[in-house]
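Read the structure below first, then the notes.
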Amino acid sequence: MNLRSLLEKYNSILIPRIQRDYAQGRRDNVTNEIRGNLLKDIFSSESISFNMIFGESDSAGNFIPIDGQQRLTLLFLLLLYGSKTGYVDDFGVKKLNYSTRESTSEFWRFITDANWDLDKSISLSSWCRNHNGYQWYWDMDPTVESMLVVLDDIHKSASKQPSSYPNIDAIEFDCHDMSQSGLNETLYLKMNSRGKHLNAFEKIKSALDQLVCTSSESYSTSGFDNYNWGKIDHKEMTFKDCWTYCMERDWIYWFWDENTASLDGTLLKLILAYTHIFISSHRDNIDGTPIAKAKTEIIDLIKKKSREILSSDLAIAPQFYHITSAFSLFDNDEESLTEDPQLRKEYLEGLAKLITDITSANNHNFKAAWGECIDFANPELNYTNKTLGILASIIYFKGKNLLGKDFSMWLRFCWNMVENTVYDDESLTRFCRNCKGKYSKGSTNILTWLSNDMSSHNQDSQQLKEEIFKSKLLGPITMGDNTALTLAVLDAESHILNKGRIIHLITDENLELSHVGFVDKWRNFRAIFNSEGEPVDKVKFIEDYIRCADSQQAMSYGYDSEWSIFRVTRAAIKNKFNDRAYNSVWPYLFKTPLGKSELLHRDEAPQAELNVRKQLLIPGFIEAILSRWNDNEPRLRWYYRCFYLYPSGSRRECNYIMMDWYPAENNELDRKGITILNSLIGKRLISINEEKNSLLFHNATNGISYWTGKEIFFFYCGIEFILDKEYNLSIVSDNENNTTQSAIGISTDEAFIAILKNLKENYEEV
C-alpha cells in the first residue's frame, strides 16, 4: 500500500491527541542526521519501504494511526510540497487532520490553502512566517515548528535535484487496520513500543542486539536460569535466543508503563545505570579525561525521572548515538566492548542476569529494614546514588536468585553500607568497586564471611567495622535461630533514626564495641524517641544529653559546630549519631530511662564546662530557652571573651544570653558575673535596667535570673553601670574618658562591689 491507496480507502487520516508531536523536524544533531539520511534515500531511490503502519478505523471512515504517525506526516509533507510546486498531482493533501489540536489543524488548513509564491532568496519557513495569514501563536506548536523544518529540507533537496523529486506512489508500506484484523491493541503496543519513542532507548537496544548477535556464541545462559523455560520450539536455547526472547516478551511486559504506554524510560534508565556501575567497578580514576565527561553525562541522565527522559525525546540521544560510545569509557581504545571480547562477555552476561533477576523477583525484595523501597518498574524512580548503590548490590550478588534468605541478608548488609557510606559520586564508585571486588565474595553467606574472613582485614569504614561486629551477634540466624539479642539488633537497625547504623547503641563507656546491655539500651532508646525519630519529651532529652555530655565537643562548643545541643530534629539527632564527636555521650544516655541520667563529670573534664552544664540544668531554664527561640535553634558559643546562648537565626545583640564560665581556681578564664549580679540583686544592692535587658528566665527557688543582651546594664547607688561582652565594668555616660575595670577573676560580692565603688568615686571626681 502507498499513500494514494490509503487515502482512497479512508476518508481522512486523523492524528489522535494521545500521539506525540511530529518529531522529525527537531533540530538536535541526531534528528538532523536521521532526517538528512532519510530524505537522501527518498530523493535517490526509485522505491522505498516505510515498513509497517499500524492503526484503527472509526465509524466515520477515518484511519487513526497508532504506530506510523511520523512516516505518514512526512509523506503528506512530500505531497504538499510536490503538489504546490508542480512535481506531483494533489490526490488528497487536505485529508490530514488533527484531533483536538486546534493550532496544528489551523496551520495545516492555512498552508494547504495558501498560494505558494516562493522567493528563492529566503527559506520556505521564512516565506511562510512572513505571510499575512500566518498566526504568531503557531510558533509555540512543536508540530508546526517541526513541519516547517522538514519543508525547508525538502525544498533544499528539490532545488538541488529538481529532476529527482520522489515518486510518492513508489513509497510503500504495510498497513494493518486493527479494527478489521482483530489484533489486540495492548499486545501490539507492547511488542512495538518503539514506535512512539524512537530515540535513545531504541538506539541502545539496537546496538545491544547487534552486540549479542555478533559475539554471544560462547556466552553462558545461566543468567536466564530463573525463567526455568527449558527448551522452546524443541531447540537448545543459546544466549542470543534467550536475550531475544526476553527482550521482545518478558522484559517488555514487566517494564511496561500503562500511563505513558511505554517501556522506554524505565528500561533505558536501568541499562544506563548498569552501564555506569559496570564502568565504576572497572575504573577508579577517570577524572580529567574525556572519559570523565562522558561518565558524568551518564550519571546525570540516569538520575532523571523516566518522564523527564522521555520528554527529551531525541535530545538525549547524541551521547548515546552508538551504544559503543557509552561503553568506550575506559582508559584506552583497546579496552572497550567492541575490542575486548572478555569485557563484552562480562557486560552482556551481567546485564542479562540483572534484568532477569529483577523481573523474576518482581520487586518484592528490594526493601530496606526501615521501609525504604526501590521499584525498578516505577517510571518515576529517581536514580539517586543510593539507588545506584543498591542496584550494584543486586548486580554483584553471586547467588542463583533474589528470593532466598541468602539474598535477604546480603541486601541487609548492602542497604546498611549504602545508607551510611554512599554520599556522592566518589563514594558510590568506591562502594561499587568494593561490592564487586571484595564484598561479593561473601554475598551468599554474608554473616559467616564477615565474621570469619573479614575480621582480620583492615576495615575501610566505621560502618564496615560495625557490620563485622554485628555479624557475630547475628550468627544464630544462619542456623535458623533468633535470640532476643539478634531480634533486638535487627529491630534497632530498622528504626528511622538508625537506618542500619547502631554504633551509638553498641559502644561502651571506653568507646569500644560491646553488646553488653544492648537489649536494655534498645528498650530505653525506643522509649526516648517516637516512631518519627523525635524525642517524646524534648526538654528531658536535652537535659539528659547535657548530663552525659562532659566534653567540649559533645556540648557543641566549637565555632563551626552544626549540631547544637538544642537541635533535636530527626536529622540533627541522626547527624549526631554519625559524628564521632558525640560518641562519648550515648553509652551513658541510653543506659538509663528518660529523665534518669546522672550528671557526668570525668576527672579530666574541665570544671568550667561542668559549671556551664549546671547552669543549663537549673529547673525551668531549658523550657525558657526553647519557648523563646525554639524555631531558631539556640546555640552555645564562646564569643568576645565570654560565653553566650543565642538564637542561630537571629543574631541581634539584644538576643544574646550571657552565662558564667568559671574553673575551679581563679585565673584569666574565671567569669562569675551573672552569679554575682543575682546575689547582689537578692541583697537589694543593685537592680537591672529592664529597658535594656529583658528577663529571659527566673528561678524562684534559688533566685537565679538570666537576661537577654550581650551586655548587662544595671544600677548601683543611682548610677548606671555596664558589664560588657569583654567582661569589663564601667559607668554608662557620655564621658568618653570613663574608667573601665576588668571583672575577670572576680568571684565574690565584696570584690565586685569594690570595683563599682572605685568606678563611682573616679566618676564623681571627674
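Summary table below
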item: The listed residue being exposed (fewer than 15 other Cβ atoms within 10 Å of the Cβ), modelled with pLDDT of 90 or more and not small (Gly, Ala, Ser), out of 152, 139, 119, 113; result: 113
item: Given (1) within 22 Å of residue 640 (Cα to Cα); (2) in contact with a Phe, Trp or Tyr (Cβ under 8 Å, 6 or more places away or on another chain), number of the condition residue 685 does not satisfy; result: (1)
item: Residues within region 367-383 that are in contact with a Phe, Trp or Tyr (Cβ under 6 Å, 6 or more places away or on another chain) and either free of Cβ contacts under 8 Å to residues at least 40 places away in the same chain or β-branched (Val, Ile, Thr) (or both), tallied; result: 1
item: Residue satisfying all of: in region 503-517; closer than 22 Å to residue 565 by Cβ and part of a loop (DSSP other than H, G, I, E, B); farthest from the chain's Cα centre (by Cα) among these; result: 509
item: Some residue of region 455-470 being crowded, with 19+ Cβ neighbours inside 10 Å and over 31 Å from the mean Cα position of the chain (by Cα); result: no
item: Residue match in region 45-62 (condition: in a helix (DSSP H, G or I) and in contact (Cβ under 8 Å) with a residue 12 or more places away in the chain); result: no
item: Strands (runs of 3 or more DSSP E) enclosed by region 702-766 - at least 2 residues per element that are in the same structural domain as residue 690 (by TED's automatic domain parsing) and of a type in the set (A, V, I, L, M, F, W, C); result: 704-707, 712-716, 719-723, 728-731
item: One residue from 411, 450, 464, 402 being touching a residue at least 12 places away in the same chain (Cβ under 8 Å), of a type outside the set (Lys, Arg) and in a loop (DSSP other than H, G, I, E, B); result: 402
item: Residues (part of a helix (DSSP H, G or I) and β-branched (Val, Ile, Thr)) located in region 518-545; result: 519, 528, 539, 542
item: Residue in region 497-508 that is of a type in the set (Gly, Ala, Ser) and surrounded by fewer than 19 Cβ atoms within 10 Å (Cβ to Cβ) present; result: no
item: Index of the failed condition, residue 652 passing every other in (1) in contact (Cβ under 8 Å) with a residue 12 or more places away in the chain; (2) over 22 Å from residue 702 (Cα atoms); result: (1)
item: Selection within region 80-101 - modelled with pLDDT of 90 or more and not in a loop (DSSP other than H, G, I, E, B); result: 80, 81, 82, 83, 84, 85, 93, 94, 95, 96, 97
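So that you can scan it fast, the table gives a plain yes or no per residue for (1) in contact with a Cys (Cβ under 6 Å, 6 or more places away or on another chain); (2) modelled with pLDDT under 95; (3) charged (D, E, K, R); (4) more than 20 Å from residue 675 (Cβ to Cβ):
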residue	(1), (2), (3), (4)
721	no, no, no, no
726	no, yes, yes, no
738	no, yes, no, yes
745	no, yes, no, no
748	no, yes, no, no
752	no, no, no, no
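The values are calculated or read from the model by the stated rules, or taken from the named source; none is laboratory data. Here the structure is a predicted model, which is why all the values come from computation and not from measurement. Glycine also receives a Cβ, built like all others from the backbone with ideal geometry; neighbour counts cover every protein chain displayed.
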